[in-house]
Amino acid sequence: MNQLTMTRGGRNVFSDLGFAAEEAQNLQLRSQTMMAVESWYKASGLTQEKAAQALGVAQPRLNQLLKGKIGEFSLDALVNMATRAGMRVGLTIKPVPGVSVTRAQAPKTRSVATQGKSRQTRRVA
């Protein structure tokens, strides 16, 4: 008989599935927004046609959302739909524990003599 082992997942299922950190964050935000719009639709009692009109999209587009077609939607489009559904959409940004922040360095500059007595400072590439 085979033994099954369980591994506790992290906070982002998309990271657990092996997506790069940037894509995993974007997918998580899109999936959360899609679930919120789907919940609104189910609670509204509207037909897909009427709900789509309220969201400012065509009925087939709403149907894609209800089927979970996450690749068909940008975060921007989903935020627009959620806003039209009367939701307030927010984004919380927090530092990742254990990740150090590096400071950006100012571009290198040098003084360049001009025709007059004044000097200009130009960025060096």
Of a type outside the set (Gly, Ala, Ser), modelled with pLDDT of 85 or more and under 19 Å from Tyr41 (Cβ atoms) - does that describe any residue in the stretch 89-100?
yes
Just to be sure I understand, how many residues within the stretch 1-24 are of a type in the set (Val, Ile, Thr) and exposed (fewer than 10 other Cβ atoms within 10 Å of the Cβ)?
2
When you go through (1) surrounded by 13 or more Cβ atoms within 10 Å (Cβ to Cβ); (2) of a type in the set (D, E, K, R); (3) at pLDDT below 95 one by one for Lys108, which number turns out not to apply?
(1)
Between residues in the stretch 3-27 that are more than 18 Å from Ser74 (Cα to Cα) and residues that are assigned to a loop (DSSP other than H, G, I, E, B), which pairs lie under 7 Å by C-beta distance while being six or more apart or on different chains?
Asp16/Gly9; Asp16/Gly10
For the stretch 85-97, which positions are free of Cβ contacts under 8 Å to residues at least 60 places away in the same chain and either exposed (fewer than 15 other Cβ atoms within 10 Å of the Cβ) or touching a Phe, Trp or Tyr at 6+ places or on another chain (Cβ under 6 Å) (or both)?
Ala85, Gly86, Arg88, Gly90, Thr92, Ile93, Lys94, Pro95, Val96, Pro97
Only one of these conditions is not met by Val124: (1) farther than 24 Å from Ala21 by Cα; (2) surrounded by 11 or more Cβ atoms within 10 Å (Cβ to Cβ); (3) modelled with pLDDT under 95. Which number is it?
(2)
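One line per residue, one yes/no per condition, for (1) among the β-branched types (Val, Ile, Thr); (2) in contact with an Asp or Glu (Cβ under 6 Å, 6 or more places away or on another chain); (3) under 17 Å from Lys69 (Cα atoms):
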residue	(1), (2), (3)
Glu22	no, no, no
Asn26	no, no, yes
Leu29	no, no, yes
Thr33	yes, no, yes
Glu38	no, no, yes
Ala43	no, no, no
Thr47	yes, no, no
Is the stretch 52-75 home to any residue that is touching a Phe, Trp or Tyr at 6+ places or on another chain (Cβ under 8 Å) and among the polar types (S, T, N, Q)?
yes
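The values are calculated or read from the model by the stated rules, or taken from the named source; none is laboratory data. Remember, it's a predicted structure, so these values are computed and weren't measured experimentally. A quick note on method: Cβ atoms are made from the backbone with ideal geometry, for glycine too, and the neighbour counts reach across all protein chains shown.
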